[in-house]
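Visitor: This is the structure I have questions about; it appears just below.
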Amino acid sequence: PGLMTSTYQKCKNMTIKVGDKLPNATLYEMTESGPSAVSTDDLVSGKKVVLFSVPGAFTPTCSQAHLPGFVQNAAAIKAKGVDTIACISVNDAFVMGAWGDAQDVGDKVRMLADGSGDLAKAMDVELDLVSRGLGVRSARYSMILDDGTVMAFNLEDGGAFEVSSAEKILEQL
C-alpha cells in the first residue's frame, strides 16, 4: 500500500482508480444564505458516499437520465448503508441549486458545484468540450467511497451514459 500511494503521488495526470483516496478540493453548495464551501475531505470522512459527476447541469442526458436515476433510487441506495449521495458538475452553485430545484431533488441528492473544475483536474477526469462551446468539464462517472477511499469507479467514455447509472451503483453496493 505504501508503494502504491507514493507512486500515485509522483505520477501527474493519473486518473483516479479503485484503492485511491479522493483528492481534497473545495466544492460549493447552494444554501438559503447563498453558496457554501464544502471540502471533499469533510464530505467523505468517516462516511460511505456515492458521488456521481455529470458534464453539465440542465443538459439532456444529465437531466433526463443520470440525475433522475439517482433521485428515484436514493432510498434504495441509502438502504445499503450509504450516508450521502452527491451530484457534482463543473457549474456554479447557483446553477446547481436551480437544477436541483427543477429536478425536485429535495434532500435525496446533494448538488455540488466544482465551478473551476478543481476536483475534475485533481482526479484527471476532465472532459474537453471547448469545440462544442461548453469549455472544460468533468467526464461522466459514478463512484462509491468508504471513508474517502474509492471502492468502485465507473468512468464513462466521452459523452456516453452506459456504466455510471444509479442502477449500476446499486449492483455494486
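The values are calculated or read from the model by the stated rules, or taken from the named source; none is laboratory data. None of these values were measured; they are calculated from a predicted model. Every residue, glycine among them, receives a Cβ derived from its backbone with ideal geometry; neighbour counts consider all protein chains shown. Just the protein is used for accessible areas: all its heavy atoms, side chains included, with ligands, DNA and RNA removed. Shrake-Rupley method; radii C 1.70, N 1.55, O 1.52, S 1.80 Å.
Visitor: Taking every DSSP beta bridge with both residues inside the range 43-156, roughly what % is antiparallel (nearest 5)?
Guide: The answer is about 60 percent antiparallel.
Visitor: Another question, then. So how strong a dipole does the chain carry about its Cα centre when Lys and Arg Cβ are +1 and Asp and Glu Cβ are -1, to the nearest 20 debye? Mind dumping the intermediate values first?
Guide: Values: 15 positive and 22 negative charges, 71 e Å.
With Lys and Arg at +1 and Asp and Glu at -1, about 340 debye.
Visitor: Which residues make up the longest stretch of the chain that has no GluC sites (Glu not before Pro) in a DSSP loop with at most 16 other Cβ atoms within 10 Å?
Guide: The longest uninterrupted stretch comes out as 33-161.
Visitor: Now a separate question. Would you mind working out the accessible area per residue for the chain, using a 1.4 Å probe, and quoting it in Å²?
Guide: Heavy-atom SASA per residue in the chain reads 49 Å².
Visitor: Another question, if that's okay. How much of the accessible area of the chain, in percent, comes from carbon and sulfur atoms when a 1.4 Å probe is used?
Guide: 50 percent
Visitor: Same structure again: Sort the chain into rounded, prolate or oblate with this rule: let a ≥ b ≥ c be the square roots of the eigenvalues of the Cα gyration tensor; rounded if a/c is under 1.5, and if a/c is not under 1.5, prolate when a/b is larger than b/c, oblate otherwise.
Guide: Values: a/c = 1.37, a/b = 1.18, b/c = 1.17.
Cα axes put the chain in the rounded bin.
Visitor: What number comes out for the charge environment of residue 109, summing +1 per Lys or Arg and -1 per Asp or Glu over other residues with Cβ under 14 Å away?
Guide: Surrounding charge for residue 109 is -2.
Visitor: Let me spell out the model: positive unit charges on the Cβ of Lys and Arg, negative unit charges on the Cβ of Asp and Glu, origin at the Cα centre of the range 29-100. What dipole size does that give, in debye rounded to 20?
Guide: Numbers: 4 positive and 6 negative charges, 77 e Å.
Computed about the Cα centre, the dipole is about 360 debye.
Visitor: Order these peptides, 106-116, 75-85, by their mean beta-carbon neighbour count within 10 angstrom, highest first.
Guide: 106-116, 75-85
Visitor: Follow-up. Just want to confirm a number: the relative contact order over the chain, from Cα pairs under 8 angstrom separated by 6+ residues, in percent.
Guide: Reported as a whole number, the value is 29 percent.
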